[in-house]
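The values are calculated or read from the model by the stated rules, or taken from the named source; none is laboratory data. This is a predicted model, so every value here is computed, not measured. Don't worry about glycine lacking a Cβ; one is built from the backbone with ideal geometry, like all the others, and counts go over all protein chains shown. Heads up: the accessible areas ignore ligands, DNA and RNA and are worked out on the full protein's heavy atoms, side chains in. Shrake-Rupley method; radii C 1.70, N 1.55, O 1.52, S 1.80 Å.
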Amino acid sequence: MKSTGFFATVLLSAALLATSWAGADGDAGKGKGKEGKGKGEQRRDSGGQAAPLPIPLDPVYQKECGSCHLAFPVRMLPRRSWEKMLGELGHHFGEDATLPEGELQQVRTYALANAGESSPSRLAQRLSASVPPEATPLRLSEVPYFVREHRGAAKHVNPAGPVKSLSDCQACHPRADAGSFAEDAVRIPKAAPAN
Amino acid sequence: MAAPLDEQLATYRAQGAGAFEAKAGEKLWRSSLGKDAEGNDRSCVTCHTGDPKQAGKHPKTGKAIEPMAQSVNVQRFTDPAKVEKWFGRNCRQVLGRECTPQEKGNILTYLGSQ
């Protein structure tokens, strides 16, 4: 199964890179020491490499899992979280998100092949590594690394305000739909002034 | 009206539906029969608004939903699999069961009249 998953990933990535791919993950610019966090477009990892990471996209995943919310980059959760979530789509955070069998299998194949453990992205690895082995978070906002990174941002969340919840990535991460969460691109919108 | 809608309606007739009525479709559209996980009302209107020509919005995520009226959104009802997928999910959520072919046809007739 693992080699099949890898092979599928290679094929899928090759096919999709030829058509569409999203740019930098954005984690290359992150880091507590701000090392290499330059101005402008360059993002560097701690080795000083400018490293845009192609993110394999799947059109079925984008369409089916992006119809009610942002199609979250699958690498942001571990494989077991996707297994669980895709096995209970009829009860998806209180909604019925059932997929027809063909689409379900395609999404499942894609998600499992590109989940956190399989991703070369440093951001994905930090997220995955922070999840205790006994936990299977379905919400990115429950992943310890995510929680730590958003401690400051959490005070801007307000159901009435421009940042309605921490699951509304695009409120502050303008290129979240491209899978890019570069810290230097974060713009926290100001709430409208009270009347 | 555009052919895809007629084809959908023909499918429902073949499944046993009788004459379709836009009024009955509208009534169902506006009925708050379901609840979401937090106990808030759910009806078609919750996501699609009371005016099918307007864009709707998912109440939790804020994601925009293109208008349902074919008069402003020509893509509507052209993909039978998509129609069935969404009827399946949304009827189960709002009514707690699948919609009957009659109900589906009534709703599409209502949306087609907008």
> Among the GluC sites (Glu not before Pro) within segment B:32-114, which fall in a DSSP loop and have no more than 13 other Cβ atoms within 10 Å of their own Cβ?
Replying inline: B:E38, B:E98
> When the Karplus curve 6.51 cos²θ - 1.76 cosθ + 1.60 is applied with θ = phi - 60°, which whole-Hz ³J(HN,Hα) does each residue of segment B:74-79 get, with x for Gly and Pro?
Replying inline: 5, 6, 4, 6, 8, 10
> Which residues' amide hydrogens lie under 5 Å from the amide hydrogen of A:I55, considering only partners 5 or more residues apart or on another chain, with H built in the peptide plane?
Replying inline: A:A22
> If contacts are Cα pairs under 8 angstrom and at least 6 residues apart, what is the relative contact order of chain B in percent?
Replying inline: 38
> How many square angstrom of accessible surface are buried between A and B, both sides summed, with a 1.4 Å probe and rounding to 100?
Replying inline: 1200
> If you build a Gaussian network model of chain B, linking Cα atoms that sit under 10 Å apart, which residue out of B:P67, B:P80, B:P101 swings the most?
Replying inline: B:P80
> Which loop-located trypsin sites (Lys or Arg not before Pro) does segment B:40-102 contain, where loop means any DSSP state but H, G, I, E or B and the Cβ has at most 12 other Cβ atoms within 10 Å?
Replying inline: B:R97
> So which residue, out of B:A24, B:A14, B:A55, gets the largest mean-square fluctuation from a GNM of chain B using Cα contacts under 10 Å as springs?
Replying inline: B:A14
> How would B:V94, B:V74 rank on accessible area, largest to smallest, probe 1.4 Å?
Replying inline: B:V74, B:V94
>> Amide H of B:G34 versus every other amide H placed in the peptide plane: which residues, excluding those fewer than 5 positions away on the same chain, fall under 5 Å?
In response: B:R42
>> Please compare each pair in A:K84/B:K53; B:K60/B:K104; A:K164/B:K82; A:K84/A:K190; A:K164/B:K23; B:K23/B:K63 to a cut-off of 32 Å on the Cα-Cα distance and tell me which ones are over it.
In response: A:K84/B:K53; A:K84/A:K190; A:K164/B:K23
> Of the accessible area of segment A:58-189, with the probe set at 1.4 angstrom, what percent is carbon plus sulfur?
Replying inline: 55
>> I'd like the distance between the alpha-carbon centres of segment B:91-105 and segment A:61-137, rounded to an integer number of Å.
In response: 28
> What percentage of all Cα-Cα pairs in chain B are separated by more than 16 Å?
Replying inline: 59
>> Compute the helix-to-body angle for B:101-112: its Cα long axis versus the longest principal axis of chain B, expressed 0 to 90° and rounded to tens.
In response: 90
>> Based on the alpha carbons, how large is the Rg to Rh ratio for segment A:76-195 when Rh follows Kirkwood?
In response: 1.00
> Looking at segment A:104-195, which trypsin sites (Lys or Arg not before Pro) are in a loop (DSSP not H, G, I, E or B) and have at most 11 other Cβ atoms within 10 Å?
Replying inline: A:R151, A:R187, A:K190
>> From the phi angles alone, apply the Karplus equation (6.51, -1.76, 1.60; θ = phi - 60°) to segment B:9-24 and give each ³J(HN,Hα) in whole Hz, x where the residue is Gly or Pro.
In response: 5, 4, 4, 5, 4, 5, 8, x, 6, x, 4, 8, 10, 4, 4, 5
